[in-house]
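A.B. asks: Questions regarding the structure given below will be posed in turn.
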Amino acid sequence: MRLPRWVFVPAAVGAAFVLLPLVAIVARVDWASFGDLITSESSRAAFVLSLQTSAASTVLCVLAGVPMAAVLARTEFRGQGVVRSLVLLPLVLPPVVGGLALLYTFGRRGLLGESLDALGVQVAFSTVAVVMAQTFVALPFLVISIEGALRTAGERYEVVAASLGARPTTVFRRITLPLVLPGLLSGAVLAFARALGEFGATITFAGSLQGVTRTLPLEIYLQRETDPDAAVALALVLVVVAVLVIGLARQSRSAL
Amino acid sequence: MSLELDVRVPERDVEAALTVADGETLAVLGPNGAGKSTLLAVMAGLVRPRHGRVVLDGRELTVAGVGRSVHVPPHDRRTALLGQEPLLFPHLSALDNVAFGARSAGAARRESRERAQGWLDRLGVGELSGRRPGQLSGGQSQRVAVARALAADPRVLLLDEPMAALDVDVAPAMRQLLRGVLADRTVVLVTHDVLDALLLADRVVVLEAGRVVEEGPATEVLSRPRSPFAARLAGLNLVEGTWTGEEVRSDWGSAVRGLASGPVPQPGDRVVATFRPHAVAVYRAPVTGSPRNSFAVTVTGLEPLGDLVRVRAVAGGQGGQGLAADVTVQSVAALELAAGQQVTFSVKATEVAVYPL
């Protein structure tokens, strides 16, 4: 199909709108002290914490998201459409609202928090809270990705496997999972990226405590006031990680 | 007695009963949408009938609508299913595809693979064991799929048009191969290919609109068909009607004379008259002469058929009886045959077989 020429104009404007700010960040970097800025104690702590919590939340997303996607894609029940919409709600919910919701669930005076408190468990404003906030916002990415892969793969192979005598668990492990592996990988990469960039829910539910809950986005936000050069340097680190993640996601998709 | 099925699936308008003896291959024939695949799905446990039973070797696999309910899940029925498409697991090698059944049953990897290699060898694709499904041709994939189904050691093998998606030049070899491996197995084969029925099946069942309309040994059904579908498969013209003692009074008004055979019909009995398209001559003008049957027909189409032309026509007006005649290309030219033309089909009474329905 040949596109009308005028389409290229708004397309180019849109692309420039996305790319120019990245150029601006790179241009603003103070390269002379770049190394020092990103290796300062607070930067390193934030970076390590971000990687650890994002990795942990990605694992949680996979553990919960794969079964959720399987139930959504392979079963039928009343109200399934509503359940799907609610599960995907964090995609469109402002993260700060998600953080508040988590706080009123797991916070000291929250729905479950009081019982947890009685057991001596306090999750709010801890590293666990960071992981929970990240999982909350990243989970839908994984569910969507795997549900799509499951629907594309269809049930035909699973039916064949069952007729060959494989129990449901064997079918799930040896047929279903390998078939959706590319979708699982790209979903996990997306979830990881979303967790890495999480800000609103984290600061609301987990606060900003260096080495405990202050992840890279929080550190950048904080440094912006006191040391803009450090903020820019760290921002560039996040940009690089994001680019790497997109590259990975593309690769795992083309591996299909 | 090996497999017994007697079920009703109202959602798909299927109501049928059939049995398959131990070691027998039963072909289920019928037009598209007749419910053939539904029957296989019921046997495999993929579709639950509203009413009825499926029993395999005395074990109830499915019971529904009789005050109690049994449903053995698909993986526990020992009914391996193979369809038109091989559906080899794309992430496993040919060998591991074939070993899948044994592995799922708990056999060790090495033993499963050895047995799988044996099956691949038997199906003539032993040297392809290391390949991924993406690297196999359609015919090779289907052979691997047959090996995989057989390696699962099913009590009943359910084949749903296993050769329909194959190229015409590989189908004969596949059919020959199946003939060998299906010989003493219990098999239900859904097909609409007459060669499959003749070469692979001991017995056939003809299904139309979800009902069994005909049943018997393959050669018997195809040489003396009683249903329009079986007649079409066998390449015969079939006229249904009432026996008057001398001729068949067809439902669309014409009389057909022929030779009654088999159990002699009594006047008033429902009978069918069959004759080969080859025995039909085509004339422009009405024909008279006592030993001949002649029908005024309207030509509906011409198709090439080897060195002949099959003339399709309909007798008894719109929506009437479809008839076919095979004539030479020269006759078509001489008669200037074309769709819409009124002609006379004529067939000698000695060429018409009449037998009870």
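What follows is calculated from the coordinates using simple rules that are stated; it is not laboratory data. Values in this document were obtained by computation on a predicted structure and should not be read as measured data. Using ideal geometry, Cβ is built from the backbone for each residue, glycine included, and neighbour counts are taken over all protein chains shown.
A.B. asks: Hey, in the GNM for chain B with a 10 angstrom Cα cutoff, which one of B:VAL332, B:VAL256, B:VAL280 fluctuates hardest?
C.D. replies: B:VAL332
A.B. asks: List residues of segment B:304-345, by number, whose backbone nitrogen lies under 13 Å from a label position 7 Å along Cα→C-beta of B:ARG292.
C.D. replies: Residues B:344-345 qualify, since their backbone N sits under 13 Å from the label point.
A.B. asks: Now, a different point. Helix B:94-104 sits at what angle to the longest principal axis of chain B, using alpha carbons and giving 0 to 90 degrees rounded to 10?
C.D. replies: Here the helix axis deviates by roughly 70 degrees.
A.B. asks: Moving to a separate point now. Count the net charge of all other residues whose Cβ sits under 12 Å from the Cβ of B:LEU259, scoring Lys and Arg as +1 and Asp and Glu as -1.
C.D. replies: On the way: positive: B:ARG257, B:LYS348; negative: B:GLU246, B:GLU247, B:GLU351.
In short, -1.
A.B. asks: Would segment B:3-223 count as rounded, prolate or oblate if I go by the C-alpha gyration tensor, calling it rounded below 1.5 in a/c and otherwise prolate when a/b exceeds b/c, oblate otherwise? Before the final figure, lay out the partial values.
C.D. replies: On the way: a/c = 2.02, a/b = 1.36, b/c = 1.49.
Verdict is oblate for segment B:3-223.
A.B. asks: Okay, next question. More than 15 Å apart: what percent of Cα pairs in segment A:176-256 qualify? Provide the component values of the computation, followed by the final result.
C.D. replies: On the way: 2058 of 3240 pairs.
In whole percent, the long-distance tail amounts to 64.
A.B. asks: Next question, about the same structure. For segment B:3-223, what is the percent of antiparallel DSSP beta bridges, rounded to the nearest 5?
C.D. replies: Details: 26 of 43 bridges.
Of the beta bridges lying entirely in segment B:3-223, close to 60 percent run antiparallel.
A.B. asks: Among B:HIS91, B:HIS75, what is the fewest-to-most ranking by other Cβ atoms within 10 Å?
C.D. replies: Numbers: B:HIS91 16, B:HIS75 20.
Least crowded to most crowded, the residues run B:HIS91, B:HIS75.
A.B. asks: 7 Å from Cα along Cα→Cβ at both B:GLU114 and B:ASP251: what's the point-to-point distance in nm?
C.D. replies: 6.1 nm
A.B. asks: List every DSSP H helix in chain A whose Cα atoms extend 18 Å or more along the helix's own long axis and whose mean Kyte-Doolittle hydropathy is at least 1.0. Show your work: numbers first, answer last.
C.D. replies: Values: long enough: A:8-28 (29 Å, 2.15); A:41-74 (48 Å, 1.12); A:127-153 (37 Å, 1.54); A:181-196 (22 Å, 1.59); A:228-254 (39 Å, 1.63).
Qualifying helices, which must be both long enough and hydrophobic enough, are A:8-28, A:41-74, A:127-153, A:181-196, A:228-254.
A.B. asks: Let me ask you something else. More than 30 angstrom separation, counting every C-alpha pair in the protein assembly as shown; what % is that? Before the final figure, lay out the partial values.
C.D. replies: Details: 128443 of 187578 pairs.
Counting every Cα pair in the protein assembly as shown, those more than 30 Å apart make up 68 percent.
A.B. asks: First measure r as the distance between the Cβ atoms of B:ARG59 and A:LEU91, then evaluate 1/(1 + (r/R0)^6) with R0 = 60 Å and state the FRET efficiency to the nearest 0.05.
C.D. replies: Values: r = 49 Å, r/R0 = 0.82.
Calculated value: 0.75.
A.B. asks: Also, I was wondering about something else. With a sphere of radius 11 Å drawn around the Cβ of A:ALA138, what net charge do the other residues whose Cβ falls strictly inside it have (Lys, Arg +1; Asp, Glu -1)? Mind dumping the intermediate values first?
C.D. replies: Details: positive: A:ARG194; negative: A:GLU198.
After counting each charged neighbour, the total is 0.
A.B. asks: Taking trypsin sites (Lys or Arg not before Pro) that fall in a DSSP loop and have at most 15 other Cβ atoms within 10 Å as cut points, what is the longest piece of chain B between them?
C.D. replies: B:69-184
A.B. asks: If you don't mind, another one. Using a ≥ b ≥ c from the Cα gyration tensor of segment B:241-356 (square roots of the eigenvalues), is it rounded, prolate or oblate, where a/c under 1.5 gives rounded and otherwise the larger of a/b and b/c decides, a/b for prolate?
C.D. replies: Working: a/c = 2.14, a/b = 1.85, b/c = 1.16.
In terms of gyration-tensor shape, prolate.
A.B. asks: Separation between the A:VAL13 and A:VAL239 pseudo-spin-labels, each 7 Å from Cα along Cα→Cβ, expressed in nm?
C.D. replies: Calculated label separation equals 2.4 nm.
A.B. asks: Then there's this: Which of A:SER85, B:SER250, A:SER42, A:SER145 comes first, and how do the rest follow, when ranked by fewest Cβ neighbours within 10 Å?
C.D. replies: Working: A:SER85 10, B:SER250 20, A:SER42 16, A:SER145 25.
Fewest to most other Cβ atoms nearby, the residues stand as A:SER85, A:SER42, B:SER250, A:SER145.
A.B. asks: Please compute one quarter of the surface area of the Cα convex hull for segment A:79-171 and express it in square nanometres. Intermediate results must be reported in sequence, preceding the final value.
C.D. replies: Values: hull surface 35.0 nm².
About 8.7 nm², averaged over all directions.
A.B. asks: Cα axis of helix B:109-122 to longest principal axis of chain B: angle in degrees, 0 to 90, nearest 10?
C.D. replies: 30 degrees
A.B. asks: Okay, moving on. Using the C-alpha gyration tensor of segment B:45-95, what are the square roots of 5 times its eigenvalues, in whole angstrom, with the largest one first? Don't skip to the end; give the middle numbers.
C.D. replies: Working: eigenvalues 175, 26, 16 Å².
Three semi-axes, in Å: 30, 11, 9.
A.B. asks: If you build a Gaussian network model of chain A, linking Cα atoms that sit under 10 Å apart, which residue out of A:GLN223, A:GLN134, A:GLN80 swings the most?
C.D. replies: Of A:GLN223, A:GLN134, A:GLN80, the Gaussian network model singles out A:GLN80 as fluctuating most.
A.B. asks: Starting with the fewest neighbours, write out B:LEU95, B:LEU81 ranked by other beta-carbon atoms found within 10 Å of each beta-carbon. Intermediate results must be reported in sequence, preceding the final value.
C.D. replies: Numbers: B:LEU95 22, B:LEU81 26.
Fewest-to-most Cβ neighbours within 10 Å comes out as B:LEU95, B:LEU81.
A.B. asks: In segment B:86-178, if the dipole is taken from +1 on Lys/Arg beta carbons and -1 on Asp/Glu beta carbons about the Cα centre, which of B:GLY139, B:LEU92, B:PRO172 is farthest to the positive end?
C.D. replies: B:LEU92
A.B. asks: Using Cα atoms only, what is the angle between the long axis of helix B:138-151 and the major principal axis of chain B, expressed in degrees (0 to 90) to the nearest 10?
C.D. replies: It is inclined by approximately 60 degrees.
A.B. asks: Between B:GLN135 and A:VAL82, how many nm apart are label points set 7 Å from Cα along the C-beta direction?
C.D. replies: Calculated label separation equals 5.2 nm.
A.B. asks: Where does chain A land at 222 nm, in deg cm²/dmol rounded to the nearest 500, when only DSSP H runs of n ≥ 4 count, each adding -39500 (n - 2.57), divided by all residues?
C.D. replies: Values: 13 runs with 186 residues, N = 256.
Estimated from H runs of four or more residues: -23500 deg cm²/dmol.
A.B. asks: Averaged over every viewing direction, what's the projected area of the C-alpha convex hull for segment A:34-254? Give it in nm², one decimal, please.
C.D. replies: If I average the Cα hull's projected area over directions, I get 14.4 nm².
A.B. asks: Additional query: If you take the beta carbon distance between B:ALA209 and B:GLU127 as r and set R0 to 45 Å, what does 1/(1 + (r/R0)^6) give as a FRET efficiency, to the nearest 0.05? Write out the running numbers ahead of the final one.
C.D. replies: Working: r = 46 Å, r/R0 = 1.02.
That pair, B:ALA209 with B:GLU127, gives E of 0.45.
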